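Participant: Below you'll find the structure I mean.
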Amino acid sequence: MADSSTQSITIGASPDQVAAIICDFPSYPEWTEAVRRAEVIEEYEDGYASQVRFSLDAGVLADEYVLAYEYAEDLSRIEWHLVAPSRMQKAQRGSYDIVGNPDGTCTVTYTLEVELSVGMLGMFRRKAEKMIMDTALKQLKRRVEETGAAQ
């Protein structure tokens with residue numbers, strides 16, 4: 001498996017507000033630039049998605065894949081893994097860890113580990129991972145803070 005990368009961001013919202021946005025998979029295309037479609041294909045008894053099919057188009061990287069999700073009981077950790085290899089990925093594991101801060105904000109830590117089906121030099125892969133994670137966290141922050149302000 002590939003090395004994992006980790007990045008964090010502070011979001012001006014409660015952990016519950018952040019978890020609600022992360023778990024609302026069908027709305028991902030509204031706020032995540034690269035996601036063209038996100039479809040919940042299987043749910044747990046409590047209604048949370050257990051498997052989600054994604055259609056991704058990030059220019060040079062276009063793929064369709066299914067991720068299986070697991071959740072901490074309090075939603076402080078949301079983790080996933082690739083169900084089966086896709087056209088572009090051999091494996092993917094990731095997680096969001098959401099921790100509330102005393103000032104009412106929260107810190108979201110995103111960890112991602114991807115093994116591509118196509119060869120890519122380590123230096124370029126790490127740069128791509130950093131860019132993907134940075135963009136994902138900034139888009140999440142924007143969506144959560146805009147949604148919170150609208151309420």
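The values are calculated or read from the model by the stated rules, or taken from the named source; none is laboratory data. Keep in mind it's a predicted model, so treat the numbers as computed, not measured. FYI the Cβ positions are ideal-geometry reconstructions off the backbone, even for glycines, and counts take in every protein chain you see. Remember, those area values only see protein heavy atoms, side chains included, never the ligands or the DNA or RNA. Shrake-Rupley method; radii C 1.70, N 1.55, O 1.52, S 1.80 Å.
Participant: Could you work out the helix-only [θ] at 222 nm for the chain, with each DSSP H run of four or more residues adding -39,500 (n - 2.57) and the total divided by the number of residues, to the nearest 500 deg cm²/dmol?
Facilitator: That comes out to -9000 deg cm²/dmol.
Participant: Moving on to the next point. Please list the non-local residues whose amide H lies under 5 Å from the amide H of S50, H modeled 1.01 Å from N, same-chain partners needing a gap of 5 or more.
Facilitator: E42, E43, Y44
Participant: R53 versus R142, label points 7 Å from Cα toward the beta carbon: distance in nm?
Facilitator: Simple spin-label model gives 2.8 nm for this pair.
Participant: Over the chain, with every protein chain in place, what whole percent of the accessible area is carbon and sulfur at 1.4 Å, could you tell me?
Facilitator: Roughly 51 percent, rounded to a whole number.
Participant: Still on this model: Modelling each spin label as a point 7 Å along the Cα-to-Cβ direction, I'd like the E70/E39 distance in nm, to one decimal.
Facilitator: In this crude spin-label approximation the distance works out to 2.7 nm.
Participant: Name the long-range amide H neighbours of A13: under 5 Å, sequence gap of 5 or more, or other chain; modelled H, no Pro or chain starts.
Facilitator: Distant-sequence amide H within range of A13: C106.
Participant: Let's see if you can work this out: charge +1 on each Lys and Arg Cβ, -1 on each Asp and Glu Cβ, no other charges. What is the dipole magnitude of region 51-123 about its Cα centre, in debye to the nearest 20?
Facilitator: In debye, rounded to 20, region 51-123 gives about 300.
Participant: Heavy-atom accessible area per residue, the chain, 1.4 Å probe: how many Å²?
Facilitator: 56 Å²
Participant: Under a straight-distance cross-link criterion of Cα-Cα below 17 Å, which aspartates and glutamates are reachable from K90, leaving out those fewer than 8 residues away in the same chain?
Facilitator: Hits, sequence-local ones excluded: D3, D63, E64, E113, E115, E129.
Participant: Also, I was wondering about something else. Which value, in debye to the nearest 20, gives the size of the charge dipole of the chain about its Cα centre, when Lys and Arg are +1 and Asp and Glu are -1 at the Cβ?
Facilitator: In debye, rounded to 20, the chain gives about 820.
Participant: Give or take rounding to whole Å, what are the principal axis extents of the alpha carbon atoms in region 8-128, in descending order?
Facilitator: 44, 35, 24
Participant: Report Rg (one decimal) and Dmax (nearest whole number) for region 1-60, counting Cα atoms only, units Å.
Facilitator: Here Rg and the maximum Cα pair distance are 13.8, 37 Å.
Participant: On to the next question. Summing +1 for each Lys or Arg and -1 for each Asp or Glu, what net charge is found among the other residues whose Cβ lies under 12 Å from the Cβ of R87?
Facilitator: That works out to -1.
Participant: Additional query: Considering only L61, W31, L137, whose Cα is most displaced toward the positive end of the charge dipole of the chain, charges sitting on Cβ of Lys, Arg (+1) and Asp, Glu (-1)?
Facilitator: Positive-most Cα among the choices belongs to L61.
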